[in-house]
1. For the stretch 3-15, state whether one or more residues are farther than 14 Å from Lys138 by Cα, buried (at least 17 other Cβ atoms within 10 Å of the Cβ) and β-branched (Val, Ile, Thr).
2. Give the residues of the stretch 47-65 that are under 18 Å from Pro120 (Cα atoms) and assigned to a loop (DSSP other than H, G, I, E, B), sorted by residue number.
3. Condition test on Ser26, is it farther than 24 Å from Phe134 by Cα and not hydrophobic (A, V, I, L, M, F, W, C)?
4. Name the residue that is modelled with the lowest pLDDT, counting only residues in the stretch 52-65 that are among the hydrophobic types (A, V, I, L, M, F, W, C) and more than 11 Å from the chain's Cα centre (by Cα).
5. Restricting to the stretch 16-46, give me the number of residues that are loosely packed, with under 14 Cβ neighbours inside 10 Å and acidic (Asp, Glu).
6. Looking at the structure I just gave you, is Ser44 at pLDDT 95 or above, under 23 Å from Asn152 (Cβ atoms) and either among the hydroxyl-bearing types (Ser, Thr, Tyr) or in a helix (DSSP H, G or I) (or both)?
7. Within the stretch 1-24, how many residues turn out to be assigned to a loop (DSSP other than H, G, I, E, B) and touching a strand residue (DSSP E or B) at 6+ places or on another chain (Cβ under 8 Å)?
Amino acid sequence: MVSIESPLPTGTWTLYYHAPKEKRWSMDTFKPIMKITTLKETLSVFREMGDKLNRGMYFFMRDPAPPLWENYQNIRGGSYSVRGGADTAIEIYKHYVISSMLNMSVQTTEDTIVGISVSPKIMSNANNGSKIGFYVIKIWNKDSSKFNQPSNLKLVHPKLVPSDIMYTPHTDKKM
């Protein structure tokens, strides 16, 4: 069992921020926020950020993996995707962050998780206004050739059902 102050069994993670309106995707468009080495630090970051998590794109990445799927460290992997409504998405995201850091989010520990991201999806309305319609939570893994079934991801939140999970290999994405 891991103590709240013990080093994470999966090593050090870095939290990055990417502005939702930013159209470029390169390391200079990501802002590193903090390196995380313990569960206590993770919980402190969640507490300090509060509702800021609702308004941005956040990426917890296992060091040294960067938050770019096309990077050589990530391209052979893929991501499990889950949609969440405005009322539950951040809670689901936090559950996957913690369970991934503790090596408990997938059915087998051989399915290495290298990142967890959350992205708000902005919906426009007829009055030229916009609001967040839903969020996409992605759990990034390292090897899509061996681990590519939605059933490989554990349901770590009570509101999730198996049909909520999709899997996409990074090589299937468009550049």
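The values are calculated or read from the model by the stated rules, or taken from the named source; none is laboratory data. Note that the structure is a prediction, hence the values are computed from the model and not measured. Virtual Cβ from ideal backbone geometry, glycine too; neighbours counted across all protein chains shown.
1. Yes, the conditions are met somewhere in the stretch 3-15.
2. Within the stretch 47-65, just Gly56 meets the criteria.
3. Numbers: farther than 24 Å from Phe134 by Cα: yes; not hydrophobic (A, V, I, L, M, F, W, C): yes.
Judged against the criteria, Ser26 is a match.
4. Initial filter on the stretch 52-65 (among the hydrophobic types (A, V, I, L, M, F, W, C)): 53, 57, 59-61, 65.
The next check asks that each one be more than 11 Å from the chain's Cα centre (by Cα); those that pass are 53, 65.
Details: Leu53: 91, Ala65: 96.
Ranking the candidates gives Leu53 first.
5. The total comes to 2.
6. Working: at pLDDT 95 or above: yes; under 23 Å from Asn152 (Cβ atoms): no; either among the hydroxyl-bearing types (Ser, Thr, Tyr) or in a helix (DSSP H, G or I) (or both): yes.
It is false that Ser44 is at pLDDT 95 or above, under 23 Å from Asn152 (Cβ atoms) and either among the hydroxyl-bearing types (Ser, Thr, Tyr) or in a helix (DSSP H, G or I) (or both).
7. So the first thing to find is which residues in the stretch 1-24 are assigned to a loop (DSSP other than H, G, I, E, B), and the list is 1-6, 8-12, 19-24.
Within this subset, residues satisfying the condition of being touching a strand residue (DSSP E or B) at 6+ places or on another chain (Cβ under 8 Å) are 4-6, 8, 10-12, 19-20.
Adding up the residues that qualify gives 9.
Per-residue answers, yes or no, for (1) exposed (fewer than 14 other Cβ atoms within 10 Å of the Cβ); (2) over 13 Å from Arg83 (Cβ atoms); (3) in contact (Cβ under 8 Å) with a residue 24 or more places away in the chain:
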| residue | (1), (2), (3) |
| --- | --- |
| Met101 | no, yes, yes |
| Thr108 | yes, yes, yes |
| Ile116 | no, yes, yes |
| Ile132 | no, no, yes |
| Asn141 | no, yes, yes |
| Ser144 | no, yes, yes |
| Asn152 | no, yes, yes |
| Ile165 | no, no, yes |
